[in-house]
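Since every read-out is calculated from the coordinates, none of them should be taken as a lab result. The structure presented is a predicted model; accordingly, all values stated were derived computationally and were not measured. Ideal geometry is used to build each Cβ from the backbone, glycine not excepted, and the neighbour counts take in all protein chains shown.
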Amino acid sequence: MEQAGQPAVPEPGSRPPPAPLILYSFYRSSCAWRVRNALELKGVKYEYRAVNIFEKEQKTEDFVRLNTLQQVPVLVVNDGRTIGESVAILEYLEEVYPEPRLLPSSPYDRAIVRQLVEIINSGTQPLQNLRVLLRVGELGGDAERTKWARDAIVRGLGGFEDIIRRTAGIYCYGDQITWADAVLVPQVFNARLYGVNLDVFPTIQRVEAALLEHPAFMKAHAGNQPDTPPKNSADAGQKLSGEIR
């Protein structure tokens, strides 16, 4: 029997509790933001480790050992191994933490949700991330860079709107929150940065408004992270030249 004031003695053969997940993130990275949405929706505890992209911390030797592509997010799982790329992390979380489900039950419905995710993940965000826009600016100047970003976002959100006009309930795919919702909120944030007219996407606007009222999305929001600058800092509210990967 355990005596008062004495530490508990582990049972023979017992294992220590698994280490918590670690998420390397930057508050403004839409790719990391997607993962935060999923973690909060599933109620998974994790340690947040900020990587200051402005200060090029993603290029440090320590971080390059985690991800040679020098980008966030990176998820360190319970046994210390790492996963990069936001959709790969979403897949891992869905398999290891299956409840609540963030994918529909039927194969067809899951495929359409994945299609929505890829419209943003492959067809929109990569065209307006910082690395691409810096190169566009070198070739065509600031005006061309802004136009390029707006065109990419308008095209992507147009395709997204066309699908969810048919599928949306409260959220992108009926009344169940899915990966599509997790990727939508950060992309709409980026659209506003570039002055995209969102009035032409009424379904997206309606769904986003509902999502921003959800506690998990509030907690995961770029404005509520440990590395979010205070409102009176030089960086707060700064309109960045490109979305941060």
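Listed values, structure above:
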{"read-out": "Cα-Cα P(r), the chain, percent of pairs per 10 Å interval", "value": "7, 29, 34, 19, 6, 3, 1, 0"}
{"read-out": "In degrees, nearest ten, helix 130-167 long axis to first principal axis of the chain (Cα)", "value": "80"}
{"read-out": "C-alpha long axis of helix 30-42 to longest principal axis of the chain, angle in °", "value": "50"}
{"read-out": "Cut-off 20 Å, label 7 Å out along Cα→Cβ of residue 162, residues of the range 199-213 by amide N", "value": "199-207"}
{"read-out": "Loop-located chymotrypsin sites (Phe, Trp or Tyr not before Pro) in the range 18-73 whose Cβ has at most 14 other Cβ within 10 Å (DSSP)", "value": "54"}
{"read-out": "Long-range amide H partners of residue 74 with built H, under 5 Å", "value": "24"}
{"read-out": "Shape category assigned to the range 35-167 from the gyration tensor of Cα positions, a/c cut at 1.5", "value": "oblate"}
{"read-out": "FRET efficiency, 1/(1 + (r/R0)^6) with R0 22 Å, evaluated for residue 44 and residue 81 via beta carbons", "value": "0.85"}
{"read-out": "Beta bridge orientation in the range 21-96: antiparallel %, DSSP, nearest 5", "value": "55"}
{"read-out": "Net charge dipole size for the chain [Lys, Arg +1 and Asp, Glu -1 on Cβ; Debye, nearest 20]", "value": "480"}
{"read-out": "Most mobile listed residue (203, 146, 60) in the chain, GNM with C-alpha springs under 10 Å", "value": "60"}
{"read-out": "Full-stretch length increase - residue 52, residue 224 - with 0.36 nm per residue and alpha-carbon distance subtracted", "value": "60.4 nm"}
{"read-out": "Distance (nanometres) between label positions extended 7 Å along Cα→Cβ at residue 88 and residue 65", "value": "1.9"}
{"read-out": "Whole-angstrom gap from the range 91-165 to the range 203-224, using each part's C-alpha centre", "value": "17"}
{"read-out": "Under Karplus coefficients 6.51, -1.76 and 1.60, residue-wise ³J(HN,Hα) of the range 68-80 in Hz, glycine/proline x", "value": "5, 7, 6, 8, 9, x, 10, 10, 9, 8, 4, 9, x"}
{"read-out": "C-alpha long axis of helix 179-193 to longest principal axis of the chain, angle in °", "value": "50"}
{"read-out": "Pairs of lysine residues in the chain - Cα separation under 21 Å, sequence separation of 8 or more or cross-chain", "value": "6"}
